[in-house]
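Have a look at the structure below before the remarks.
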Amino acid sequence: MGMHRGRALAYALLALVFGGLSYAVGVGSLLGQRAEASVLEAASFSYDPPAPLSLVSIPAVIVALVLIGALALWAHGARRALAVVIFPTIAIVTSQLLKQRVLERPGLFEFDAENTFPSGHMTVFTVVSAALIWAVPRTLQPTAALLGAILTGIAAWQLLEYGWHRPSDLVGALSLGVLVFACAALIRVRSSRTLPLAPGRVSYAVNKILGVLLAIVGATLVAGGLALTVAAGWFTSAELMISGAQVAVIGASVLASRAYVALSA
């Protein structure tokens with residue numbers, strides 16, 4: 001239990017650090033605002049994006065959480081079912097409160113620019129993915145994490161490509177999701193029961209490999225994306241800047257999905 005709480009606390013602190021840095025650099029600094037303005041400059045603005053971004057609505061989120069809660073009830077029992085409904089809801093509400101009531105965007109570069117940190121859409125995608133990872137039987141969690149990484153990665157790409165959000169908004173949302181589920185892990189939302197699906201040697205090995213691959217791919221994408229953004233600043237290329245931001249945030253989405261698996265143990 002001590003090791004589990006220590007891991008959850010470490011993830012919570014990391015989420016606070018990365019969320020705070022993304023706000024301080026992307027929203028609160030002149031250099032960050034200029035860089036993110038170049039990302040918006042290269043975006044192909046659209047108010048009618050394809051799925052999955054177009055699927056986000058309050059009824060859709062409610063239906064998704066109810067279905068995931070039912071899955072968790074079947075696989076883990078009532079306590080986990082309540083957790084995968086309550087904690088995503090907390091994250092989504094907190095995201096809106098932070099964006100609309102608490103945090104501000106100073107006019108260092110763009111005057112009267114509306115605050116969009118953290119992204120509500122990205123919060124929805126990351127916490128729904130986290131809820132699914134926590135809801136499925138343990139043997140299926142790495143597979144759910146892979147699917148969640150793909151879903152959040154596509155959503156991250158869309159949010160930047162269609163000019164709906166700045167990169168810092170997405171990192172802030174991912175950090176908020178990890179923070180909320182780290183808090184859930186800290187209070188030990190145990191399964192009241194577990195399906196009798198003991199992983200065999202092959203399944204155990206596959207799970208381990210998937211977990212390692214998610215960590216490696218996520219870290220590689222983040223590093224590559226940051227390298228591209230540095231190159232974009234050097235060559236003053238808005239197109240390269242948005243590409244680098246997309247790659248980095250997709251990598252962050254992969255790492256967040258990996259974190260949810262670790263926190264669910």
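The values are calculated or read from the model by the stated rules, or taken from the named source; none is laboratory data. In this text the structure is predicted, and so the values were computed from the model without any measurement. Glycine gets a Cβ as well: all are built from the backbone with ideal geometry, and neighbour counts include every protein chain shown.
When the residues of segment 1-20 are filtered to those that are under 16 Å from the mean Cα position of the chain (by Cα) and exposed (fewer than 15 other Cβ atoms within 10 Å of the Cβ), the one that is farthest from Ser168 (Cα to Cα) is Leu13.
Okay, residues lined up against (1) in contact with a strand residue (DSSP E or B) (Cβ under 8 Å, 6 or more places away or on another chain); (2) crowded, with 24+ Cβ neighbours inside 10 Å; (3) over 19 Å from Pro52 (Cβ atoms):
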residue	(1), (2), (3)
Thr126	no, yes, no
Ser129	no, yes, no
Thr143	no, no, no
Trp157	no, no, no
Ser175	no, yes, yes
Phe181	no, yes, yes
Leu186	no, no, yes
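Which of the residues belonging to segment 75-95 are over 14 Å from Val180 (Cα atoms) and out of contact with any Pro (no Cβ under 9 Å at 6 or more places or on another chain)? Gly77, Ala78, Arg79, Arg80, Ala81, Leu82, listed by residue number. Note on segment 232-265: residues that are farther than 20 Å from Glu36 by Cβ, over 18 Å from the mean Cα position of the chain (by Cα) and either without any contact (Cβ under 8 Å) to a residue 40 or more places away in the chain or surrounded by 19 or more Cβ atoms within 10 Å (Cβ to Cβ) (or both) amount to 0. Do we have Phe109 as under 22 Å from Ser38 (Cα atoms), at pLDDT below 95 and of a type outside the set (D, E, K, R) here? Here the answer is yes, as Phe109 does meet what is asked. Of the set (1) within 22 Å of Tyr23 (Cβ to Cβ); (2) buried (at least 24 other Cβ atoms within 10 Å of the Cβ); (3) touching a residue at least 60 places away in the same chain (Cβ under 8 Å), all apply to His165 but (3).
Which one is surrounded by the fewest Cβ atoms within 10 Å (Cβ to Cβ) among residues in segment 95-120 that are among the small types (Gly, Ala, Ser) and under 21 Å from the mean Cα position of the chain (by Cα)? Within segment 95-120, the match that is surrounded by the fewest Cβ atoms within 10 Å (Cβ to Cβ) is Gly120. Scanning segment 82-91 for residues that are buried (at least 22 other Cβ atoms within 10 Å of the Cβ) and among the β-branched types (Val, Ile, Thr) turns up just one, Val84. Being touching a residue at least 40 places away in the same chain (Cβ under 8 Å), more than 21 Å from Thr123 (Cα to Cα) and either out of contact with any Lys or Arg (no Cβ under 9 Å at 6 or more places or on another chain) or outside any loop (DSSP other than H, G, I, E, B) (or both) is true of Thr229.
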